[in-house]
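Asker: Structure provided below as structure tokens; questions to follow.
The values are calculated or read from the model by the stated rules, or taken from the named source; none is laboratory data. Quick caveat, the model's predicted, so the values are computed rather than measured. Methodologically, a virtual Cβ is constructed for each residue, glycine included, from the backbone with ideal geometry; neighbour enumeration extends over all protein chains shown.
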Amino acid sequence: MTVTATDSTNASGSAGFSWNVATSGGGSAIVNGGFETGNLTGWTGTGSAAANTAARHTGSYGAQFGSTSPGGDSSIAQTFTAPAGSSKLYFWYSNTCPDTVTYDWVTATLKDNTTGVTTTVLAKTCAATATWANKTATVTPGHSYTLTLSNHDDNYPGPRPTPTTTTT
């Protein structure tokens, strides 16, 4: 989903972000990974985050981060134990960003609570055109994990002027 914000000077930009999360192999330990309950049950959220039909990749719902006006940081997180027979966690995401990764981005981290190691599954990303992409991460059966999906919005409603430097 793409949302557009316009400020009082008619500067505008669009942002949207959707997730669909599951594990492969021995079944899903993630509660409401496809957000098919129509809400964020099972997830702990901050900022502007909600499940809705416009954010879906497949199924009926997806999670959306951000809002129609600059809104700061948003995230959802869930701690789960990888089930027996599982080997991968995967998610689909779509991101539209009117700025640059310097100012706005989405990211995903997976912390193995058993070993204390955090992996960046999705590095800071800011894309001008929304397209669906898939990310995967390896999980170890029986390990506890915390998956955190985040959106950073610097509260500026559109692209910035390109800085210039002059030397004399």
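Asker: For Ser74, are the conditions met, namely being crowded, with 18+ Cβ neighbours inside 10 Å, in contact with a Gly (Cβ under 9 Å, 6 or more places away or on another chain) and at pLDDT 80 or above?
Answerer: yes
Asker: Report every pair of residues separated by at least 6 positions or lying on different chains whose Cβ atoms are under 8 Å apart, first residue within the range 103-121 and free of Cβ contacts under 8 Å to residues at least 60 places away in the same chain, second part of a loop (DSSP other than H, G, I, E, B) and of a type in the set (Lys, Arg).
Answerer: These pairs meet every condition: Tyr103/Arg160.
Asker: Out of (1) modelled with pLDDT under 85; (2) touching a strand residue (DSSP E or B) at 6+ places or on another chain (Cβ under 7 Å); (3) over 18 Å from Pro141 (Cα atoms); (4) not in a strand (DSSP E or B), the odd one out for Thr100 is which?
Answerer: It fails just one condition, (2).
Asker: Looking at the range 13-29, which of its residues are more than 16 Å from the chain's Cα centre (by Cα), at pLDDT 50 or above and not hydroxyl-bearing (Ser, Thr, Tyr)?
Answerer: Within the range 13-29, Gly25, Gly26, Gly27, Ala29 qualify.
Asker: Can you work out which of the residues in the range 131-142 that are assigned to a loop (DSSP other than H, G, I, E, B), in contact (Cβ under 8 Å) with a residue 40 or more places away in the chain and more than 13 Å from the chain's Cα centre (by Cα) is surrounded by the most Cβ atoms within 10 Å (Cβ to Cβ)?
Answerer: Val139
Asker: Being in contact with a Phe, Trp or Tyr (Cβ under 6 Å, 6 or more places away or on another chain), surrounded by fewer than 22 Cβ atoms within 10 Å (Cβ to Cβ) and either in a strand (DSSP E or B) or at pLDDT 85 or above (or both) is true for just one of Gly38, Gly42. Which residue is that?
Answerer: None of the other options fit; the residue is Gly38.
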